[in-house]
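Data first, discussion second: the structure below is written as C-alpha cells.
The values are calculated or read from the model by the stated rules, or taken from the named source; none is laboratory data. Note that the structure is a prediction, hence the values are computed from the model and not measured. Counting neighbours? That spans all protein chains shown, and the Cβs are built from the backbone with ideal geometry, glycine included. To get the accessible areas, we keep the full protein, side chains included, count just its heavy atoms, and leave off ligands, DNA and RNA. Shrake-Rupley method; radii C 1.70, N 1.55, O 1.52, S 1.80 Å.
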Amino acid sequence: MSDQLRPRASLRTAVVWEVLKDALDRQVKAAGRDALDVLDTGGGTGNFAVPAARLGHRVTVVDPSPNALFALERRAAEAGVADRVRGVQGDILGLFDVVERGGFDAVLCHGVLEYVDEPAEGVRNAVAALRPSGALSLLAAGLGGAVLARALAGHFTEARHALTDPAGRWGEGDPVPRRFTAEQLSELVSGAGLEVGAVHGVRIFADLVPGVLVDTEPGAVDALLKLEAAVAELPAFHSVATQLHVLGEKRP
C-alpha cells in the first residue's frame, strides 16, 4: 500500500485507496492516456494526492489551509513528485475561482461535505469539474458509526441524539458539523448527474478495536485490513461505518 507511514494510517485509508486506484486504472484505459488530471478538493497534506502522483498522474489539490498546502509541497518533494502535484488555496464552494470547469478525469472529495454549508452544491461543483467520462470519489463521515461509538462509550443519550439530529451530531461538543447515511450520499451523487458505481463502508471495525491490540498483537494489522476489505461492500455494515465512500461515474 502506498504512503503508509503507520499501521493506524493504513487502516484509515486502505479501503478507499484500493477503490480509488482501481477507478484511476479504469480512467486510464478509458482516456487512452497514462497520466490523468486529478483534482483533490480538501486534499490537505496529500494523503491521497501524493500516492496518486506516484502512479504518474498530475494532481491539483485545492484546500483552504495555507499550512496544509505548505506541508503538501514538502511531502510531494520528499516523495519525488513535486512536478506532478500543485497546491491551490480555495474551497469547493468557490472551486471555479481557482480551477477550470470540465478539466479533470477524476475528482476526490474526501472529508469535505461535513464542513460545507451546502453539500449538494459542493457535489455539483465536483461533478462540473469532471471531463465527460470522469469519476468522483466521495468520502464523508457516517452517521451510524458515530451512534455506535457514543453508545459503546456509555454515552447513550448522545447516541440517541445523533440518531435523531438532522445533521447527525451527538451534541454541542461534537467536532463534526454533519454526518451522512449511505443513502444520502448516493442521492447527492445521483442528483448531480452521476451513476453510483459503488458504496463502501470505511473504518467499520478499525475505530472500535483497542489500539494496543492492533499495535502489539502479531499479525493484527494485516488481519484487520483484510476484514475491513471483506465487509466494505456489504450494505449491512454501511450503517455502522465511521466513514462512507461513494464512487460516482460520469457517462458521456
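Structure notes:
- Qualifying residues in the range 120-142 (those that are open to solvent by 20 Å² or more (accessible area, probe 1.4 Å) and not charged (D, E, K, R)) - the one nearest to Leu20 (Cα to Cα): Ser133
- Test: residue in the range 150-166 that is among the basic types (Lys, Arg) and more than 17 Å from the chain's Cα centre (by Cα): yes
- Strands (runs of 3 or more DSSP E) contained in the range 1-117 and holding at least 2 residues among the hydrophobic types (A, V, I, L, M, F, W, C), open to solvent by less than 20 Å² (accessible area, probe 1.4 Å) and in contact (Cβ under 8 Å) with a residue 60 or more places away in the chain: 37-41, 104-110
- Residues (touching a Ser or Thr at 6+ places or on another chain (Cβ under 7 Å) and of a type outside the set (Val, Ile, Thr)) located in the range 48-80: Pro51, Arg54, Ala68, Ala71, Leu72, Arg75
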